[in-house]
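Remarks on the structure that follows.
The values are calculated or read from the model by the stated rules, or taken from the named source; none is laboratory data. Computed from a predicted structure; not experimentally measured. Here the Cβ is made from the backbone with ideal geometry for all residues, glycine too, and neighbour counts use every protein chain on show.
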């Protein structure tokens, strides 16, 4: 069992530690953030009784020649560029990345990239190519023959059709559906509950049609199932 440090110290980070503890994939030595942010998160870590280390100084706390393994739990801030920047910093410091692939996910493709997180309840189908530093939340369905690059965040209950290409640093919002045979360009932002049926261009923002508020109240609307 590898000893790892969790990069990040947010509610999201603590949730992922719970999954790791339940599934016993790694032994968590503590949390790590940039030294400049130690004081911002110290009280929460103290309250939870977890150790906190400066990212720049991890080698001080490890045996010489011992590889330092990192799980990056930084979120999608700034189109995932914060997570990307910290990954690059870790690489420059000589650290290595682990994947967390939940035992409760269904994964039918080999994940060759590093630093990926696959939540419980996600489905990764056949012939899905995954790069580095991606997050697949609970309920995600990656059907088949999909290529996804680096530093992407795929939120809960997203469905991606077959033969889709997703670039780098994309955010795909909760409950969205991507039809088959489309290309999602770098830094695309797909809002929650979208149906995406076209190729996007770099930095494109896609949102669903505006919700309508009916003049009738809910007791006045007749819900009739199709026969």
Q. Right, residue 109: free of Cβ contacts under 8 Å to residues at least 24 places away in the same chain, part of a strand (DSSP E or B) and over 23 Å from residue 29 (Cβ atoms) or not?
A. no
Q. Just wondering, is there one or more residues in the stretch 10-25 that are surrounded by 15 or more Cβ atoms within 10 Å (Cβ to Cβ), in contact with a strand residue (DSSP E or B) (Cβ under 8 Å, 6 or more places away or on another chain), in a loop (DSSP other than H, G, I, E, B) and in contact (Cβ under 8 Å) with a residue 40 or more places away in the chain?
A. yes
**Q.** Some residue of the stretch 156-177 being surrounded by fewer than 22 Cβ atoms within 10 Å (Cβ to Cβ), within 20 Å of residue 14 (Cα to Cα) and modelled with pLDDT of 95 or more
**A.** yes
Q.
Being out of contact with any helix residue (DSSP H, G or I) (no Cβ under 6 Å at 6 or more places or on another chain), within 20 Å of residue 198 (Cβ to Cβ), part of a loop (DSSP other than H, G, I, E, B) and in contact (Cβ under 8 Å) with a residue 24 or more places away in the chain is the requirement here; does residue 168 meet it?
A. yes
(Q) Between 157, 186, which is part of a loop (DSSP other than H, G, I, E, B), without any contact (Cβ under 8 Å) to a residue 40 or more places away in the chain and under 12 Å from residue 80 (Cβ atoms)? (A) 186
Q: Scan the stretch 44-56 residue by residue and report those that are surrounded by fewer than 15 Cβ atoms within 10 Å (Cβ to Cβ), in contact with a helix residue (DSSP H, G or I) (Cβ under 7 Å, 6 or more places away or on another chain) and at pLDDT 95 or above.
A: 56
